[in-house]
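*Asks:* This structure is in structure tokens; I'll ask about it shortly.
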Amino acid sequence: RAKKRGKSCYQFFTTDINTAATEQLALENLLREALARKEFQLYYQPIIDLESGAIVSVEALIRWLDPQLGLISPDTFIPLAEETGLILPLGEWVLLTACTQASIWNQCNPYPIRIAINLSAHQLEQADFSERVSKILKKTALLPHHLELELTESMLINRMESSLKTLNTLKKMGCRLSLDDFGTGYSSLAYLKRFPIDTVKIDRSFVQDISIDPDDAAITTAVTTMAHSLKRKVIAEGVETREHVDFLNKINVDEAQGYFISHPLPASDLSQLLKERRYLYHDDSLRF
Ligand code: C2E
Ligand code: MG
Ligand code: MG
Ligand code: MG
């Protein structure tokens, strides 16, 4: 590449770091253009009530469909979107799109579902964040208690005061709050005490081995018992086998999400699922 640019010799000394920086800049520009071109899509993953098997909630998961690169996972571009500030318009688009979709589902579905949306720290730090959410709820006619905002422990470490104020306002509005990836951060019980969290989502790294690793089984059981005594609900992430479902049911975990139940799906597939098949895991043949 340097050769084509002519005689400026120093370009031959392009280091890996330079290459990385160049690639980062290119990706950042791609991201900016993608936002303008509306190349993002939301996939929706069902969350079931473990007792009945009914879909009670759906998590919105963003995908970037680049014409050349194909489907790009959020783990690649969300960190970059956060660094560049693009997460604010992107996050706003996710909120509006997911709430609009959930409101449509709840209008045609006799059993209302919740929509779970992942937030970034930057969104929560916006002074007017709760007002933005309120406006979106009004615009989409989604009931506040059908919106579940997913936070992570790392979001709550800094700027405790302002975040707490925003979260309390959202809570007063009737929104639900959940703590995502529980167990991967500091897992400080103080978070549950200090923040108005309704639900703990046990990270899939614990769920993965619950049927074979006694430590993971013990941790999952202890977290569930602890959350229940604090009157919080528990969702297990990354449920991949029948054994997972059986164990989680035995220890009274409330809800489950994972490939055993369903992969994340485009909106139209989920509409079909909501229309036809509400009880996903009781019959293995109904799995997606
Ligand atoms: P997350 O919020 O913890 O979402 C769960 C992730 O686990 C999703 O990955 C989902 O596809 C995957 N997953 C679900 N079931 C299983 C399973 O049984 N096994 C395994 N191995 N994986 C499973 P995805 O969609 O790639 O998203 C990754 C992360 O990107 C999310 O983790 C979330 O932190 C972030 N993210 C996704 N969408 C958004 C968004 O709209 N805004 C923000 N700020 N972050 C988002
Ligand atoms: Mg999540
Ligand atoms: Mg998670
Ligand atoms: Mg995660």
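*Asks:* Could you pull out the residue among Glu153, Glu148 that is within 16 Å of the chain's Cα centre (by Cα) and at pLDDT below 95?
*Replies:* Exactly one residue qualifies, and that residue is Glu153.
*Asks:* Every residue in the stretch 75-103 that is crowded, with 16+ Cβ neighbours inside 10 Å, within 16 Å of ligand 4 (Cβ to nearest atom) and not charged (D, E, K, R), please.
*Replies:* Residues satisfying the conditions are Phe77, Ile78, Ala81, Ile87, Gly91, Val94.
*Asks:* Is it true that some residue in the stretch 159-173 is aliphatic (A, V, I, L, M) and within 16 Å of Glu255 (Cα to Cα)?
*Replies:* no
*Asks:* Any residue at all in the stretch 28-39 that is in a helix (DSSP H, G or I), without any contact (Cβ under 8 Å) to a residue 60 or more places away in the chain and touching a Lys or Arg at 6+ places or on another chain (Cβ under 8 Å)?
*Replies:* Within the stretch 28-39 (the criterion being in a helix (DSSP H, G or I), without any contact (Cβ under 8 Å) to a residue 60 or more places away in the chain and touching a Lys or Arg at 6+ places or on another chain (Cβ under 8 Å)), the answer is no, since none of the residues qualifies.
*Asks:* Which one of these does Ser134 not meet: (1) within 16 Å of ligand 4 (Cβ to nearest atom); (2) in a helix (DSSP H, G or I); (3) of a type in the set (Gly, Ala, Ser)?
*Replies:* Answer for Ser134: the failing condition is (1).
*Asks:* How many residues are loosely packed, with under 14 Cβ neighbours inside 10 Å and within 16 Å of ligand 2 (Cβ to nearest atom) when one looks only at the stretch 124-157?
*Replies:* Looking only at that region, the number is 1.
*Asks:* Could you go through the stretch 205-212 and let me know if any residue there is under 23 Å from Ser130 (Cβ atoms) and within 16 Å of ligand 3 (Cβ to nearest atom).
*Replies:* No, because not a single residue in the stretch 205-212 is under 23 Å from Ser130 (Cβ atoms) and within 16 Å of ligand 3 (Cβ to nearest atom).
*Asks:* Can I ask one more? Could you pull out every one of the helices (runs of 4 or more DSSP H) wholly within the stretch 181-252 that has 1 or more residues that are within 16 Å of ligand 2 (Cβ to nearest atom) and surrounded by fewer than 17 Cβ atoms within 10 Å (Cβ to Cβ)?
*Replies:* Passing ranges, in order: 204-207.
*Asks:* Next question, about the same structure. Would you check if Ser271 is away from ligand 4 (no atom under 16 Å from the Cβ), at pLDDT 90 or above and surrounded by fewer than 18 Cβ atoms within 10 Å (Cβ to Cβ)?
*Replies:* yes
*Asks:* Also: Can you confirm whether Ser162 is away from ligand 1 (no atom under 16 Å from the Cβ), more than 24 Å from Trp93 (Cβ to Cβ), hydroxyl-bearing (Ser, Thr, Tyr) and at pLDDT below 90?
*Replies:* no
*Asks:* Looking at the structure I just gave you, is Glu243 within 15 Å of ligand 3 (Cβ to nearest atom), farther than 27 Å from Glu161 by Cα and of a type in the set (Asp, Glu)?
*Replies:* The answer is no for Glu243.
*Asks:* So for the stretch 104-118 (the condition being surrounded by fewer than 19 Cβ atoms within 10 Å (Cβ to Cβ), away from ligand 2 (no atom under 16 Å from the Cβ), at pLDDT 95 or above and closer than 18 Å to Val133 by Cα), does at least one residue qualify?
*Replies:* yes
*Asks:* Condition first: within 16 Å of ligand 1 (Cβ to nearest atom), in a helix (DSSP H, G or I) and in contact with a Ser or Thr (Cβ under 7 Å, 6 or more places away or on another chain). Now tell me which residues in the stretch 103-124 satisfy that.
*Replies:* Leu124 - this is the single residue of the stretch 103-124 that is within 16 Å of ligand 1 (Cβ to nearest atom), in a helix (DSSP H, G or I) and in contact with a Ser or Thr (Cβ under 7 Å, 6 or more places away or on another chain).
*Asks:* Of everything in the stretch 46-102, what is assigned to a loop (DSSP other than H, G, I, E, B) and touching a residue at least 60 places away in the same chain (Cβ under 8 Å)? Give them in sequence order.
*Replies:* Of everything in the stretch 46-102, those that are assigned to a loop (DSSP other than H, G, I, E, B) and touching a residue at least 60 places away in the same chain (Cβ under 8 Å) turn out to be Leu50, Glu51, Ser52, Gly53.
The values are calculated or read from the model by the stated rules, or taken from the named source; none is laboratory data. Small disclaimer: the values here were computed from a predicted structure and weren't measured. Here Cβ is always computed from backbone atoms with ideal geometry, including for glycine, and neighbour counts include all displayed protein chains.
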